1. Please enumerate the residues belonging to region 91-122 that are within 16 Å of the chain's Cα centre (by Cα) and of a type in the set (Ser, Thr, Tyr).
2. Is it true that Ala111 is buried (at least 20 other Cβ atoms within 10 Å of the Cβ) and in a helix (DSSP H, G or I)?
3. Answer yes or no as to whether Ala205 is in the same structural domain as Ile188 (by TED's automatic domain parsing) and surrounded by 10 or more Cβ atoms within 10 Å (Cβ to Cβ).
4. Cβ-Cβ distance below 9 Å, separation of 6 or more or different chains: which pairs start in region 208-221 with a residue that is over 18 Å from Ala194 (Cβ atoms) and end on one that is of a type in the set (Asp, Glu)?
5. For region 209-233, which residues satisfy the criterion of being touching a Leu at 6+ places or on another chain (Cβ under 7 Å) and of a type outside the set (Ser, Thr, Tyr)?
6. Look at region 52-79 and say how many of its residues are part of a loop (DSSP other than H, G, I, E, B) and of a type in the set (Gly, Ala, Ser).
7. Name every residue in region 80-104 that is in a loop (DSSP other than H, G, I, E, B) and among the aromatic types (Phe, Trp, Tyr), in order of residue number.
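The values are calculated or read from the model by the stated rules, or taken from the named source; none is laboratory data. All values reported here derive from a predicted model rather than from experimental measurement. Here the Cβ positions follow ideal geometry from the backbone for every residue, glycine too, while neighbour counts run over all protein chains shown.
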Amino acid sequence: MSDLTPAALPAIAFIGGGNMASAILGGLLRQGLPTASVEVVEPFEDARARLARDFGITPQPSASAALGRCQVVVWAVKPQTFADAARPVRAFTPGALHLSVAAGIPSESIAGWLGTDNVVRAMPNTPALVGQGMSGLFARPAVSADGRRLVEQVLAPTGQLLWVDTESALDAVTAVSGSGPAYVFYFIEAMTEAGIEMGLPPAQAQQLAIGTFTGASALAQASTEPPSVLRERVTSKGGTTYAALSAMEAAGVKAQFKTAIRAAEQRARELAAEFGRA
């Protein structure tokens with residue numbers, strides 16, 4: 001398969017029309033995917049109205065034979081509703097490639113519910129809403145190289161993509177990058193509050209905090225050196241940065257932060273056990 005532009009992609013169905021579906025769909029439409037190539041199933045009337053207003057499409061409240069023309073089905077439903085949502089779709093999509101962005105649901109369960117092994121799981125994160133996401137991907141063995149490339153083309157507007165070799169690695173992806181934006185927002189919040197407490201106007205404190213994260217991330221992205229080296233370069237012994245990092249180390253911030261990320265990984269496993277049963 002040669003690389004396809006969004007305008008040349010096959011028809012795509014979205015089951016669920018929430019934020020992540022909107023991020024993927026909106027990116028594809030902006031890059032030229034025709035609205036006529038899209039089917040959306042969204043049970044909630046308010047969400048259907050929003051999708052129609054934002055994207056000029058006509059979502060349907062339930063699955064129908066219209067899904068049969070779609071070669072790719074993107075699953076953007078809540079984990080606890082996946083099994084019920086899959087039953088009416090299965091009959092219409094026997095030959096489709098199924099791409100799930102639902103957290104925690106194992107591909108084996110998805111394959112069983114849909115009657116096909118042509119399943120890819122993705123773990124995106126919310127910066128996909130502005131095209132700056134980080135998504136981990138796992139494909140079942142039945143997915144062809146062409147299928148993988150098709151998934152990459154569907155998700156390209158959301159940001160960076162990373163294939164993992166084992167499905168269990170997606171639990172770590174979930175903990176590090178899937179939940180990761182909340183960690184960043186948490187630190188931005190703390191830095192902003194500290195700035196305000198030290199006398200800065202709220203708008204200035206927030207601008208400084210966000211700008212610092214943006215710049216530091218860009219520097220880390222551009223550098224060939226690890227973050228530890230970049231950190232050391234701005235940490236002169238006896239200076240202000242050294243004082244701050246010493247206080248963090250004394251409080252066990254790094255250790256506690258890693259414990260928190262492991263808690264997210266454990267919860268990802270629990271979701272699989274809780275909602276992955278047929």
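1. Scanning region 91-122 gives a single hit, Ser100.
2. In short, no.
3. Yes, satisfied.
4. Between residues of region 208-221 that are over 18 Å from Ala194 (Cβ atoms) and residues that are of a type in the set (Asp, Glu), there is no close pair.
5. The answer is Leu219, Ala220, Leu230.
6. Final tally of qualifying residues: 5.
7. Scanning region 80-104 gives a single hit, Phe92.
Conditions (1) modelled with pLDDT under 95; (2) in contact with a Ser or Thr (Cβ under 7 Å, 6 or more places away or on another chain), marked per residue:
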| position | (1), (2) |
| --- | --- |
| Met198 | no, no |
| Gly215 | no, no |
| Tyr242 | no, yes |
| Arg267 | yes, no |
| Leu271 | yes, no |
| Phe275 | yes, no |
